[in-house]
Amino acid sequence: MADTRFDALREQVRGQIIEAGDPEYDAARAVFNGMVDRRPAAVLRVSQTADVMAAVRFAREAGLDVALRGGGHSAPGFGTVDGGLVLDFAARRGVRVDPAARRAYAEAGATWADYNHATHAFGLASTGGIIGSRPAA
């Protein structure tokens, strides 16, 4: 049975909230490093900025720890938390390139693979991480 304390948050966000007992829970809580096995109270698949604002307010008022998961590759497992709320930005993978300024702007869920794909089209590159993939869902 779902934890009713997240009902108020559900009314404030457009992203999906996943809790223990939901069919997607194990996949939603997983991070790339298989040695990290944490069980958040809920995972919010962020849809837009307003979701983040509502979730942070909600977590503060509920006394919940918050973890931010970008591309999912944090080796020490900073993208998840036991008993708290994970904000999962995996759907926010856009990369916008301004070739004249030689700059790229990446959303919070973008991986190096996303970034490299967008910048290479303009003959641009950056130094960065060596892992460009996404964790298997």
Revision key, fill the gap. What helix-only [θ] at 222 nm does the chain give? Using -39500 (n - 2.57) per DSSP H run of at least 4, over all residues, to the nearest 500, the answer is -6500 deg cm²/dmol
Check your understanding: Across bins of 10 angstrom width beginning at 0, how are the C-alpha pair distances of the chain distributed, in whole percent?
Key -> 12, 40, 30, 15, 4, 0
Check your understanding: Which whole-number percent is the relative contact order of region 40-137 (Cα, under 8 Å, 6+ apart)?
Key -> 26
Point to revise | Rounded to 5, the percent of DSSP beta bridges in the chain classed as antiparallel | key: 50
Study note, to complete from the structure: Of all DSSP beta bridges with both partners in region 57-135, the antiparallel percent, nearest 5, is 50
Study note, to complete from the structure: So for region 62-102, using the alpha carbon gyration tensor with a ≥ b ≥ c as root eigenvalues (a/c under 1.5 gives rounded; past that, a/b versus b/c decides prolate or oblate), I'd call it prolate
Check your understanding: With every protein chain present, what is the per residue accessible area of region 1-93 (1.4 Å probe, Å²)?
Key -> 54
**Study point:** Carbon plus sulfur fraction of accessible area for region 22-108, probe 1.4 Å, in percent
**Key:** 52
**Study point:** Pairwise Cα inverse-distance average, inverted: Kirkwood Rh of region 1-67 (Å)
**Key:** 12.5
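The values are calculated or read from the model by the stated rules, or taken from the named source; none is laboratory data. Since the model is a prediction, treat every value here as computed from it, not as a measurement. Accessible surface is based on the protein model in full, side chains and every heavy atom, while ligands, DNA and RNA are left aside. Shrake-Rupley method; radii C 1.70, N 1.55, O 1.52, S 1.80 Å.
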